[in-house]
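Peer 1: Got a structure for you, questions after.
Values in this text are rule-based calculations from the coordinates and carry no lab data. The structure displayed is predicted, hence computed values, not measured ones.
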Ligand SMILES: [Fe+2]
């Protein structure tokens, strides 16, 4: 079973952004699958760099719409993005230096951050974006 199952509770009602979130879900599920089969160490580095590069693409896409539509909660939202990038970059640095072992805590941090951010923060822009014609 997947660690994160995609369902409507994760949808932000904007197709492009849902697709990007689904990619992030796939990456975290991949790490989980690899850990279950004892291959966490082999894929951790790849997943962390993949997350850093794909969240960059994804956060930029969201932030482009914030700017375009003058989204009022942009500043606090962007702060969450910055904090996440910092955290994952720290994981990557520590993993490469041998200071981060492949642990369930890291996996659960990624899962909880993504789900919490989508449900608690991203969903706040759904009706705003929809009203601007973005869906
Ligand atoms: Fe976001």
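Peer 1: Subtracting the Cα-Cα distance from 0.36 nm times the residue separation, let me have the gained length for residue 52 to residue 85 in nm, one decimal.
Peer 2: Contour length minus the Cα-Cα distance gives 11.2 nm.
Peer 1: Follow-up question, since we're still on this one. How large is the direction-averaged shadow of the alpha-carbon convex hull of the stretch 50-92, in nm²?
Peer 2: Average projection, Cα convex hull of the stretch 50-92: 2.7 nm².
Peer 1: If contacts are Cα pairs under 8 angstrom and at least 6 residues apart, what is the relative contact order of the chain in percent?
Peer 2: Values: 90 pairs, mean separation 51.6, N = 135.
The normalised contact order for the chain reaches 38 percent.
Peer 1: Working from Cα positions, state the angle (0 to 90°, nearest 10) between the long axis of helix 74-96 and the longest principal axis of the chain.
Peer 2: Roughly 10 degrees, rounded to the nearest 10.
Peer 1: Continuing with this model, one more query. If one takes the longest principal axis of the Cα atoms in the chain, at what angle in degrees, from 0 to 90 and to the nearest 10, does the Cα axis of helix 15-36 lie?
Peer 2: For 15-36 against the chain, the angle is about 10 degrees.
Peer 1: While we're on this one: Quick one: helix 104-120 against the long Cα principal axis of the chain, what's the angle to the nearest 10°, folded into 0 to 90?
Peer 2: For helix 104-120, the angle is close to 10 degrees.
Peer 1: If I build a Gaussian network model for the chain, linking alpha-carbon pairs within less than 10 angstrom, which residue out of 49, 89, 76 has the largest mean-square fluctuation?
Peer 2: Between 49, 89, 76, it is 76 that shows the largest mean-square fluctuation.
Peer 1: Please compute the volume of the convex hull spanned by the alpha-carbon atoms of the chain and report it per residue in Å³.
Peer 2: Considering the Cα atoms of the chain, their hull volume per residue is 93 Å³.
Peer 1: Okay, next question. Run the helix sum for the chain: -39,500 (n - 2.57) per DSSP H stretch of 4+ residues, divided by residue count, reported at 222 nm to the nearest 500 deg cm²/dmol. Let's see the in-between values first.
Peer 2: Details: 5 runs with 98 residues, N = 135.
Helix contribution divided over all residues of the chain: -25000 deg cm²/dmol.
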